[in-house]
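Novice: Below is one structure. I have some questions about it.
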Amino acid sequence: MTAFTPASCAPSNSPNDAVIAETLLPVLGLSLSVSLAATTMAALIGVPLGALLALHEFAGRRALVITVNALLGLPPVVVGLAMYLLLSRSGPLGWLGLLFTPPAMVIAQAVLATPIIAALSHRALEAAWRDYGPALRVLGATRVRALPTLLAMQARPLATALLAGFGRTISEVGAVLIVGGNIAGHTRTMTTTVALETSKGNLDLALAIGLCLIAISLAVSTAAIALGGPKP
Amino acid sequence: MIIRTLLLMLAVALPAQAETITLASTTSVDNSGLLAKILPGFTKATGIEVRVLAQGTGQALATAARGDADLVLVHDPEAEATFLAEGHGINRRQIAWNDFIIVGPAADPAHIAGGKDALAALTAVARTTSPFVSRGDKSGTDALEKRLWKAAKIAPAGQPWYRDIGGGMGAALNAAAAMDAVTLSDRGTWLSFNNKRDLVVLVQGDKALTNRYDVIELNPAKHPDIKAAPAHVLAEWLAGPDGQAAIGAVTVAGQKLFIPSAANPVP
């Protein structure tokens, strides 16, 4: 077994730990950058979609709400497989050459996080629009002009929506494994490393990386809540 | 637009590489540490960076057949023959071999310890209904296991003692260690596996347990988008004196992982 213990997430001075830290830091960096990029993409699609569903009445709105909520249970491996078939050189988007690259992982994870962010934004904005919409309209606000006010009012639930999306992406293994390929130094993330080390029987190391992953989630959530307002 | 910008930013953030190829390989050569030990030398000598996809042989060949890899390194002669016959691959060369072993709990419920005969061992496992873990993932190891059962005239699928886990070699060893079950493993993964618990080698030395690793280049006529030229350089290197020496030098716990055999392929 290695000298890398569950207690030490940060690199220490022993040479063995230094080697592990050298290989783990890029893995950690990739996990974070892919998840943040995917969450950003999902937010840019999901929040406007949630606002549209909350504020506008249109034909098919109910069906769309049901669909978005149903997609909360989207299985990552199925998304991974679908993206694989799309991005494979034999697939319709094969000419992009994205399979087994970080951008492919970002796209797959954005697909997974978008319904979560859309559904939670929809709920948050729907409630605010129901409660304050009439007053805002009396004051002369159109739906579009009321939106910034509603978003500001619901900053905390919206932050939770983004965190839920981030949580989905940083913890996910099925889709990134299929479209990323778990290539060392290129598409290996924290979660695929845990799976790999478990398969090599390095259970201590796998657990240590798993604990690091949880620590990162905790840090991100703390930061988001600190930015979201004075009270948790 | 924003999505495109994000993708471009990610693409730019990736380190620039002169030439990069994708090698679809088996978990046994990657998890055992072989490729991690020999490929840096290749990259240093040629400037070609190799991205390793560690999959079972079945999946590796399927990936390559879709044009998503530039070279394959696998160990299932029958699946390889089909791959070649379908026109996906050219220029198959054996680069190394080691052996498969039958491992199981030291308590040895099937009384097969110390044996050499793989078929006799599997027959004893079935007779004593000792738990047996099968990969069930169309890997090279899985394919050999299925051939051995067939040769022993036993149909284990569906039997309560036969546990098809549908996973890689490491997953199968973890499962066998947890269930005190017998399983078939390649020696490379076994040597570098760190969660053996009560598992020991029970049967080894049967000719039927020879484990040959072949490198196969992709047919550029069928897959025009693959990087055939640098892939050929890697294939040549693996089969050439430098690669062969590098393969022969890799040891785990004092034991050689693979025996280079490009010059003298084992039958």
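The values are calculated or read from the model by the stated rules, or taken from the named source; none is laboratory data. The shown structure was predicted, so the numbers you read here are calculated from the model rather than taken from an experiment. Cβ atoms come from the backbone with ideal geometry, glycine included; neighbour counts cover every protein chain shown. Note: accessible area is taken over every heavy atom of the protein model, side chains too, but ligands, DNA and RNA are not part of it. Shrake-Rupley method; radii C 1.70, N 1.55, O 1.52, S 1.80 Å.
Novice: Residue by residue through the range A:22-39, note down the ones that are surrounded by fewer than 19 Cβ atoms within 10 Å (Cβ to Cβ), within 15 Å of the chain's Cα centre (by Cα) and among the hydroxyl-bearing types (Ser, Thr, Tyr).
Specialist: A:Ser33
Novice: Taking the options A:Leu112, A:Leu125, A:Leu136, name whichever one is more than 14 Å from every other protein chain (Cβ to nearest Cβ), in contact with a Lys or Arg (Cβ under 6 Å, 6 or more places away or on another chain) and buried (at least 16 other Cβ atoms within 10 Å of the Cβ).
Specialist: Details: A:Leu125 fails: in contact with a Lys or Arg (Cβ under 6 Å, 6 or more places away or on another chain); A:Leu136 fails: in contact with a Lys or Arg (Cβ under 6 Å, 6 or more places away or on another chain).
The unique qualifying residue is A:Leu112.
Novice: Scan (1) within 25 Å of B:Gly115 (Cα to Cα); (2) open to solvent by 40 Å² or more (accessible area, probe 1.4 Å) for the single condition B:Val266 breaks and write down its number.
Specialist: (2)
Novice: Is it true that B:Ala120 is part of a loop (DSSP other than H, G, I, E, B) and surrounded by fewer than 17 Cβ atoms within 10 Å (Cβ to Cβ)?
Specialist: Spelling it out, it is not the case that B:Ala120 is part of a loop (DSSP other than H, G, I, E, B) and surrounded by fewer than 17 Cβ atoms within 10 Å (Cβ to Cβ).
Novice: May I ask you to verify whether B:Arg163 is more than 13 Å from chain A (Cβ to nearest Cβ), open to solvent by 10 Å² or more (accessible area, probe 1.4 Å) and within 21 Å of B:Ala113 (Cβ to Cβ)? Working first, answer last.
Specialist: Details: more than 13 Å from chain A (Cβ to nearest Cβ): yes; open to solvent by 10 Å² or more (accessible area, probe 1.4 Å): yes; within 21 Å of B:Ala113 (Cβ to Cβ): yes.
Here the answer is yes, as B:Arg163 does meet what is asked.
Novice: Return the residues of the range B:237-261 that are touching a strand residue (DSSP E or B) at 6+ places or on another chain (Cβ under 9 Å), surrounded by fewer than 18 Cβ atoms within 10 Å (Cβ to Cβ) and over 12 Å from B:Leu34 (Cα atoms); say none if nothing qualifies.
Specialist: Once the filter is applied, which keeps residues that are touching a strand residue (DSSP E or B) at 6+ places or on another chain (Cβ under 9 Å), surrounded by fewer than 18 Cβ atoms within 10 Å (Cβ to Cβ) and over 12 Å from B:Leu34 (Cα atoms), the range B:237-261 yields only B:Ala245.
Novice: For the range B:131-168, which positions are touching a residue at least 40 places away in the same chain (Cβ under 8 Å), of a type in the set (Ser, Thr, Tyr) and not in a loop (DSSP other than H, G, I, E, B)?
Specialist: B:Ser134, B:Thr141
Yes/no per residue for (1) more than 14 Å from chain A (Cβ to nearest Cβ); (2) open to solvent by less than 10 Å² (accessible area, probe 1.4 Å); (3) in contact with a helix residue (DSSP H, G or I) (Cβ under 8 Å, 6 or more places away or on another chain); (4) at pLDDT below 95:
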{"position": "B:Gly58", "(1), (2), (3), (4)": "yes, no, yes, yes"}
{"position": "B:Ala64", "(1), (2), (3), (4)": "no, yes, yes, no"}
{"position": "B:Asp70", "(1), (2), (3), (4)": "no, yes, yes, no"}
{"position": "B:Ala85", "(1), (2), (3), (4)": "yes, no, no, no"}
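Novice: For A:Arg156, indicate whether it is more than 14 Å from chain B (Cβ to nearest Cβ), modelled with pLDDT under 95, within 24 Å of the chain's Cα centre (by Cα) and open to solvent by 10 Å² or more (accessible area, probe 1.4 Å). Step through it out loud before you land on a result.
Specialist: On the way: more than 14 Å from chain B (Cβ to nearest Cβ): yes; modelled with pLDDT under 95: yes; within 24 Å of the chain's Cα centre (by Cα): yes; open to solvent by 10 Å² or more (accessible area, probe 1.4 Å): yes.
The answer is yes for A:Arg156.
Novice: Got at least one residue in the range A:83-105 being in contact with a helix residue (DSSP H, G or I) (Cβ under 8 Å, 6 or more places away or on another chain), away from chain B (no Cβ under 12 Å), of a type in the set (Val, Ile, Thr) and open to solvent by 10 Å² or more (accessible area, probe 1.4 Å)?
Specialist: Scanning the range A:83-105 turns up no residue that is in contact with a helix residue (DSSP H, G or I) (Cβ under 8 Å, 6 or more places away or on another chain), away from chain B (no Cβ under 12 Å), of a type in the set (Val, Ile, Thr) and open to solvent by 10 Å² or more (accessible area, probe 1.4 Å).
Novice: Let me ask something additional. For the range A:44-64, which positions are in contact with a Leu (Cβ under 7 Å, 6 or more places away or on another chain) and open to solvent by less than 20 Å² (accessible area, probe 1.4 Å)?
Specialist: If the condition is that a residue be in contact with a Leu (Cβ under 7 Å, 6 or more places away or on another chain) and open to solvent by less than 20 Å² (accessible area, probe 1.4 Å), then A:Gly50, A:Ala51, A:Leu53, A:Ala54, A:Leu55 are the ones that fit.
Novice: Identify all residues within the range B:192-215 that are within 11 Å of chain A (Cβ to nearest Cβ) and either open to solvent by 10 Å² or more (accessible area, probe 1.4 Å) or not in a loop (DSSP other than H, G, I, E, B) (or both); write none if there are none. Working first, answer last.
Specialist: The initial filter retains those residues of the range B:192-215 that are within 11 Å of chain A (Cβ to nearest Cβ), namely B:192-197, B:199.
Result: B:Ser192, B:Asn194, B:Asn195, B:Lys196, B:Arg197, B:Leu199.
Novice: Report, by residue number, each residue of the range B:56-91 that is outside any helix (DSSP H, G or I) and without any contact (Cβ under 8 Å) to a residue 40 or more places away in the chain.
Specialist: B:Arg66, B:Glu86, listed by residue number.
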